[in-house]
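I am attaching a structure below and will ask some questions about it afterwards.
No lab work stands behind these numbers, since they all come straight from the coordinates. These numbers come from a predicted model, not from an experiment. All Cβ positions, glycine included, derive from the backbone under ideal geometry; neighbour counts span all protein chains shown.
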Amino acid sequence: MTHAATLRRARLAILGTTVLYAAAHLAWYGGTPLGGFPVLDGREMLELARAIASGELAREPFYRAPLYPALLAIFIRLGVPDGLLPDAARLLNLVAHLSSCLLVFELARRTWADLRAGLLAGLLYACYPVALHFAGDPLDITLATALALAATLCAWNSACSLSAAQAWAAASLYALAALARPNFLMCIPALLLWLAWIGSHERGAWRLLPAAATGAMCVLLVMGGVNRAVGGEFRWLPWQGSHGLWDANGPGANGLFYSHSVAIPDLAPGSNPARAEAEILYCRDRPCSGPIDIDEFSAYWSGRMREHAMTHPREVLGILAGKVWYLVNNYEQYNNKTYWFHKARAPWLRWNPLCWALLLALAAGALWLPMQARARALLLLVIGAYATSLLLYFVSARFRLPLAPLLCVLSGGWMPLLARWRNAPSMAVRRLSGALATAAAVALVAGIPAPTHLREGTVVEDWVLLASASLHAGDWRAAEDWARKVIARTPRRTAAEALICAARLHAWEDAPTADRPPRVWLEESLSWCAASARGSHRAAYNSAFFLAGLCRHAEAHRVWLGLRDSRLIGELARNALAATVGTPLDAGDKVDGLLRIRQSEGEIQKPGLLSLWRAVQGNDCANVVPGSRSG
């Protein structure tokens with residue numbers, strides 16, 4: 001069989017494995033509530049994509065990296081409906097993951113000068129469960145990883161062929177990766193350093209350096225122009241970095257994942273909670289009379305971080321040491337979701353044994369094996385640069401993921417060892433002994449179990465997310481069940497109480513008869529709403545429906561009256577007020593935010609919704625008998 005035919009078969013093997021395994025998992029995940037109704041960062045990405053597609057962006061430079069939502073906006077402009085947008089994002093992620101697997105194959109077979117090394121590396125990443133876990137949501141990391149791998153391959157090709165065009169492409173792709181995930185910005189100086197090293201050893205290679213610098217500059221200039229057009233300010237990069245540095249290293253930070261330090265009121269869907277918290281704290285210290293000045297905002301958080309580092313160096317170094325440890329450790333730190341919890345729920349990932357500790361051990365052991373010096377230097381520089389960016393910010397599972405394909409490239413070196421064993425057994429034995437000893441030591445260290453408080457402490461957040469997604473999917477029973485699990489673990493959790501309140505309203509809307517629910521059920525539902533009303537405008541808004549159901553219309557009216565100026569649900573409260581006084585509503589007016597209540601009873605299809613509508617209008621309060629089905 002010719003080399004070209006063998007190469008083609010290897011690529012097809014990786015392509016087929018990736019498509020079958022990844023598509024199976026993503027198809028399953030798309031049918032779950034979380035897959036159909038993304039939350040947190042995924043929801044924010046979709047909202048930003050909608051704003052880009054509609055041209056309704058806020059008049060300010062981009063706060064977060066815009067490349068991924070800009071690509072999602074293309075689907076919207078092509079006519080993909082909102083309900084299918086999460087599926088379109090999964091398709092984009094599948095293509096990006098497939099590209100990453102093929103790029104890993106190409107890098108590994110060049111690094112080790114052996115096709116089998118590429119095949120092992122590509123298959124390892126094709127089946128890596130953490131990559132598939134994050135590919136299910138509309139998140140930027142899968143795309144950014146593919147761009148960075150393409151950049152690394154172009155860098156290698158530029159050194160082999162002394163091609164300035166390849167060097168230009170490598171830096172451009174790293175810059176594009178940074179516009180999807182800013183951590184990759186650190187890879188640009190690593191590339192320039194590597195090219196300078198190449199230039200010091202090979203005549204004619206110095207011209208690669210200015211070509212690469214020009215490539216990165218071109219992309220960043222375009223981003224600056226986009227920010228100028230959108231927000232009126234020329235900025236190379238998104239401006240969330242200064243507060244992110246404080247979040248990751250300031251007082252009370254754990255360096256692993258973002259956690260709130262203040263209670264945040266209701267946010268509009270898709271809002272960034274970290275930004276909301278930053279603005280709240282910023283305006284506490286220096287009252288804000290108008291729009292926030294971005295330069296002053298960034299300088300404020302940078303100044304606080306410098307002051308904290310100078311006055312509490314031991315605390316900052318302690319956080320850094322912890323991040324170094326957890327960067328190496330096998331446990332996938334929380335990032336919006338707890339990886340192990342969701343892996344156990346995913347039938348295609350549940351039994352997959354691949355993990356960070358295994359890849360890290362294989363990669364570390366492979367450093368004993370003979371590889372091309374240029375490839376070794378390139379891979380270690382890129383890994384070091386990206387790892388440095390993680391240590392500056394967070395080392396959570398999603399941000400650590402781009403290191404995994406590079407570890408797979410190094411791990412591929414174990415395959416050529418078999419051939420070298422036959423050709424030079426004495427040399428292979430020495431190398432194999434060192435490689436095995438190193439791999440075993442790294443595996444033992446990386447595999448030390450994470451503390452229970454880290455492993456179990458974030459699962460409550462997953463229950464909240466499942467309750468929220470189930471509610472959006474229309475499964476109010478599952479939503480209440482998950483929310484009750486949260487309250488059993490952490491009593492008086494406002495978000496969980498508000499979710500039960502909303503689930504109860506859904507239950508009333510979906511009731512099989514037009515009879516009013518039992519009074520005891522209405523009172524219990526009201527208690528859930530009242531418990532969370534102070535921290536949630538939506539819960540307060542929902543509570544008024546249960547007040548109306550209990551024929552306490554004056555109280556319900558006062559609640560809606562107090563909410564009519566709310567930024568989040570003011571329009572809904574005004575519509576509800578109109579309903580209580582019998583003012584006609586347009587067919588499109590939303591009263592409960594999920595289902596439409598029409599003034600004409602004949603237009604209301606669900607019996608439960610009809611019962612709710614009558615309660616709001618007070619049409620059946622004259623004959624209320626406490627404890628009866630109608631009261």
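What distance in nm separates the simple spin-label points at A377 and T311, each placed 7 Å from Cα in the Cβ direction?
4.5 nm
Label E456 and L193 with points 7 Å out from Cα along Cα→Cβ: what is the distance between them in nm?
So the two model labels end up 4.2 nm from each other.
While we're looking at this one, here's another question. Please order L550, L378 by the number of other Cβ within 10 Å, starting at the fewest. Present the calculation step by step, with values, prior to reporting the outcome.
Values: L550 21, L378 25.
Final ranking by Cβ density, sparse to dense: L550, L378.
Per DSSP helix of 4 or more residues, -39500 (n - 2.57); summed, then divided by the residues of the chain. What does that give at 222 nm, rounded to the nearest 500? Mind dumping the intermediate values first?
On the way: 31 runs with 427 residues, N = 631.
Calculated mean residue ellipticity at 222 nm is -21500 deg cm²/dmol.
Now, a different point. Rank the residues Y21, Y125, Y334 as a footprinting-exposure proxy: fewest other Cβ atoms within 10 Å of their Cβ go first.
Ordered from fewest to most neighbouring Cβ atoms within 10 Å, Y21, Y125, Y334 come out as Y21, Y334, Y125.
Also: Only sites in a loop by DSSP and with at most 12 other Cβ atoms within 10 Å count here; which trypsin sites (Lys or Arg not before Pro) in segment 27-70 make the cut?
Hits after loop and neighbour filter: R59.
Okay, moving on. So if we plug the beta-carbon distance of D515 and R492 into 1/(1 + (r/R0)^6) with R0 = 25 Å, what FRET efficiency do we get, rounded to 0.05?
0.15
Under 4 °C and 1.567 mPa s, how fast does segment 1-105 diffuse according to Stokes-Einstein, given a Kirkwood radius computed over C-alpha pairs? Answer in µm²/s, whole number.
83 µm²/s
Within a 10 angstrom radius of the beta carbon, how do M371, M217, M305 rank from fewest other beta carbons to most?
Ascending Cβ contact count within 10 Å gives the list M217, M305, M371.
Once R0 is set to 56 Å, what does the formula 1/(1 + (r/R0)^6) return for the Cβ-Cβ distance between V328 and L561, expressed as a FRET efficiency to the nearest 0.05?
0.50
Rg to Rh ratio, segment 15-170, alpha-carbon atoms and Kirkwood radius?
Working: Rg = 17.4 Å, Rh = 16.8 Å.
Computed over Cα atoms, the ratio is 1.03.
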